Structure formats: C-alpha cells, structure tokens
1. Neighbouring Cβ atoms within 10 Å as the yardstick, rank 240, 1, 179, 153 fewest first.
2. Could you please state, rounded to a whole Å, how far the C-alpha centre of the stretch 42-80 is from the C-alpha centre of the stretch 296-333?
3. For an R0 of 25 angstrom, estimate the FRET efficiency from the Cβ-Cβ distance between residue 375 and residue 10 and round to the nearest 0.05.
4. What is the distance in Å between the Cα centres of the stretch 238-260 and the stretch 1-36?
5. Please compute the length gained on full extension between residue 118 and residue 82, using 0.36 nm multiplied by the number of residues separating them and subtracting their Cα-Cα distance.
6. Using Cα pairs closer than 8 Å and at least 6 residues apart in sequence, work out the relative contact order for the stretch 175-305, in percent.
7. Considering only DSSP beta bridges with both partners in the chain, what is the antiparallel share in %, to the nearest 5?
8. Where the centre of each part is set by its Cα atoms, how far does the stretch 345-393 sit from the stretch 196-230, in angstrom?
C-alpha cells in the first residue's frame, strides 16, 4: 500500500521536533549537530531570534494579499537586493525551481523582443542542478532526473564540466544564454575557477549571449561573499536565488539587469504566492543580517577554520577521505569510502551531513555556526570516519 506521503524520497529514519542554532532535537530527545542546514536553507540556523520576531510580527499583521496590489514588504526586499547586487530589478518566487523557470522564460523573451525569436538555445553543464520542474530537468539533462519524464523541453545544449574547447564551439552568436552554478552543490561541490567565470563573461559579451548564474545554493553569504560570483569580479545578466534568502521560509527570486528583463512586461509572468508579505518580511531581515558589517568576514574566517580541520581529517583518514572542496561554508569532503556510508556513520555520532554526486558529502552549516560547534563537528566527523574504517575491516 502506498503511504500517505508520496514515496519520492529515501528518508533517513530521523524526525526532529525542535531546532536551536546549529542543533536539532529528535523525537527521542537526542540532540544532533546540523551541518546540512536544510540543504543550505537555514542560513542563520534554527529559530534565529530576529527571524522569529519578524515572522511573528508580520504574521500578526498580514500574510497574503496577492500581486494584484502593491506589497511594501516585497518592495523593501527588492530594494535591498538591488542595493547590494548587480541587479536593477527582482521577481519573487517560492523556490529555486520557480526561479529557474522564470530565468529560462526571461532569456527567451529577451531574444523575442530583440527580433530574434529563433535564438532560444541555452548552454548548460554536466553535473548541474536547477530544480525538478520539466524545464529545470531539461536544462540539467541528467539521466537520473529526466528518465521517464519525456518529451523534454527542447533548446538546451549540455556540455561536460570544464571542457573549454566544447564551450567555445557551442557558444556562438546564435546562442541565447549560458546558465551555470558558480559552485555546483548537488554535483559535488565543484567550484568553477574565477578565471573560468571571467572567461564566460567575456565569451557572452563577445557573442551577445546572456549569462545566467544559478546561486540558489551557493548564494546568500555561503562562500563569504553575498554571492559567489563576486569572488571573480564579474556579474551575470540574470541570477536565480532561493534557499538561504528566506532563512527557512520558502522564498526565491530572479535578479536581473534592466536590459535582460526587457521582455518581462505586465502579464508575461506571475505567481500567486510569490513575494507575499510574510515571506518578504523574513527575507528582508535575512538580507539585513547577512549584509551587516563583519558578517561575511566572519563566514570566511569560520570557513577557513573548518577547512583547515577537514584537511587534517583527510590526512588522518586517507582510507575514508580523498580531499576537501568548496569555499567559505559551502564545503565538501570527497570520499574514498562510499559517501552514504560516511553519512550513516555520522548519524551514529549524532551529526547531520548531506550526500552529493561524485562521492562527496556536503557540509553546509548555518553561516553563524559557533566556533565550538565547528570543533565539535570535526570531532564527530573523526569518530564517524573511524566507524567507517572499523565496519570495512
């Protein structure tokens, strides 16, 4: 018999009843140190006092009115994002998947308005993840996501990650856009070098193609900059954001330059829930906190401390770990042992991590994780690695 909840997830046998900071409490009262943060969603940890207060205050005033009317909270969050990024304009969604759908529409409408409606091809990359809608899986093209869901949306060219010759051949003056994650999350914490991001910007400028960054997982302070592309000193034309921007509240956005958004006029797109007062009030508070002086510097310092400890773990357990990847507090441990075995061993140490492709485990803690919690996480990962070795003996 099928369960009441559609069985599309292989869930761990854990359920939590309370969260505080970087810790979760299970039904039996056991406390777990959370290095997943809801897959990079709980950017400020669980039950952050400022977010709880903002949510409670807004919930007592107004939840939803629809986009038939002006929404001051939405305007406030949009202004904050425009003030702190490359963007001139913002559309709010409920998720990263919805942001991906709009980004695709925005690219194609741009070329339609430019009088080149045939210019629809979007270049994407192996290992990418842009969501689970039909458009988003067509963009990624991975067999595990698209199998059985055809026919797929046409108009995507899929390239191998890091194949520069194929990229130069694929991106021409007939290409609509290049869509890429500056750091692949689901793909195994694979970072695109700064030189490659700069090269992509130059290539798009030379051909007229739009450059679209998917910063759903790597954005909102996770790398020590507000957005990961800032390390390379380049800007996109369009950017997808979600996960951390709501601090746990379902919220996403598409940010764009005025030029890239030229086709998105009244009636061209919409969302019933997107940008509602409740979500945008919380999102504005998240952006305010992450953009405070010193916050991102602290993320960088914590990330460096964590990475140093992880390098030590790799050296101590060469049978289990192969190396460390990532930037800031978006880190990955490339495993020699099966990554899911490491995740399960961490459960036994009351530690939560997230598996990814390429035999990697992701470490995506709250951006404000305490230094003592980093030290505790390293100790628990050390014990988990010892468990894996003992089980393999």
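1. Ranking 240, 1, 179, 153 by Cβ neighbours within 10 Å, fewest first, gives 1, 153, 179, 240.
2. 34 Å
3. 0.20
4. 27 Å
5. Additional length available on full extension: 9.9 nm.
6. So the answer I get is 22 percent.
7. So the antiparallel bridges in the chain amount to around 65 percent.
8. Spelled out, the Cα-based centre of one part sits 29 Å from the other.
Readers should treat all values here as calculations from the given coordinates under stated rules, not as data from a laboratory. What you see is a predicted model, and the numbers here were worked out from it, not measured in a lab. Neighbour counts run over all protein chains shown; Cβ positions are idealised from the backbone, glycine included.
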